[in-house]
Amino acid sequence: MKHCNLVPLVVLRKERLSVIEIAKLVINFYKRMASVDRNYGQINIISEKKSLYQSIDVNDSIAVQYLADEILRQNIDDIQKINKVDTPDINFSREEMISFGLEAKIDGETLITLNYSFSTKLPRISSIVVNEKCFDTFVKVKFFLETVEKSFPIEYSVIKISDKDINNFARACKAPLGWLTYFSNDFKPEIPNDLEGIEYEYTDKGKYMILTREDFTTNKETYEAHKQKLLNVMEEIKRRVPEYSK
């Protein structure tokens, strides 16, 4: 499998959710994705702990129950240790993190793994394993983030460019930009609506910031030009919005 240097990051709203509530949100996300790309129709738990089910069909009528069982199994040791609850069920919720990883495949290889972390402190969805076929067009990138927006309570989401220069710069930013970036209306600090060279699309809940609609990753010269443009835009935000810096 050839890895992609485009990776998603989603910052969720800080909410206390039960295991079953989390499972409903996640299955709903994969069902929406699978309505366009069937490769999202089967998901596997990624864990050192043996899974209860070999895979989960997201369109199965009991998919939510299956996933809730898996989430509880992956977190039960920590729940018993930290929360002192001996026999938690799928209605259990807590302030601390409930985490798990899910994999979707394409032609027997990983398409994307997503790591989910739900808590009242640092809730997010992220990935480091992405197949080059996952985000090889702007259409796929936009559909992914739009589906995330419809499926989860989010503050910010992005398809990041995994690059040394950008990664180093991004460490000093509260919300790094990428190929496509979404900011909810609740996100603070407010990101300017007139950044040079950036296309905007507005929704009822927020806005999308588009670096380009072309696939700039296949040509080195084009890639470097867009990477520099992205760095320049983030530098502009830092100058205009001091709170954007960590």
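The values are calculated or read from the model by the stated rules, or taken from the named source; none is laboratory data. All figures in this text were calculated on a predicted structure; none of them were measured in a lab. Using ideal geometry, Cβ is built from the backbone for each residue, glycine included, and neighbour counts are taken over all protein chains shown.
Filter segment 177-226 down to the residues that are free of Cβ contacts under 8 Å to residues at least 40 places away in the same chain, among the aromatic types (F, W, Y) and under 20 Å from K140 (Cβ atoms) and list them by number.
Residues satisfying the conditions are Y182, F216, Y223.
Output the number of the condition that V148 fails; it satisfies all remaining conditions of (1) closer than 20 Å to K2 by Cβ; (2) among the β-branched types (V, I, T); (3) part of a helix (DSSP H, G or I).
With respect to (1) closer than 20 Å to K2 by Cβ; (2) among the β-branched types (V, I, T); (3) part of a helix (DSSP H, G or I), V148 is out only on (1).
Residue-wise test of (1) in contact with a helix residue (DSSP H, G or I) (Cβ under 8 Å, 6 or more places away or on another chain); (2) closer than 17 Å to M33 by Cα; (3) modelled with pLDDT of 95 or more.
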| site | (1), (2), (3) |
| --- | --- |
| K84 | no, no, yes |
| F100 | yes, no, yes |
| E103 | no, yes, yes |
| I106 | yes, yes, yes |
| E109 | no, no, yes |
| I112 | no, yes, yes |
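Consider K188 against the criteria (1) basic (K, R); (2) touching a strand residue (DSSP E or B) at 6+ places or on another chain (Cβ under 7 Å); (3) assigned to a loop (DSSP other than H, G, I, E, B): it satisfies all of them except one. Which criterion is unmet?
Going through (1) basic (K, R); (2) touching a strand residue (DSSP E or B) at 6+ places or on another chain (Cβ under 7 Å); (3) assigned to a loop (DSSP other than H, G, I, E, B) one by one, K188 breaks only (2).
Is there any pair with a first residue in segment 161-176 that is under 17 Å from H226 (Cβ atoms) and a second that is outside any helix (DSSP H, G or I) and among the small types (G, A, S) whose Cβ atoms are under 8 Å apart and which are 6 or more apart or on different chains, and what are they?
I161/G178
Only residues that are within 17 Å of R124 (Cβ to Cβ) and surrounded by fewer than 17 Cβ atoms within 10 Å (Cβ to Cβ): list them for segment 71-96, please.
E95, E96
Mind listing whichever residues of segment 1-16 are closer than 17 Å to G101 by Cα and touching a helix residue (DSSP H, G or I) at 6+ places or on another chain (Cβ under 9 Å)?
P8, V10
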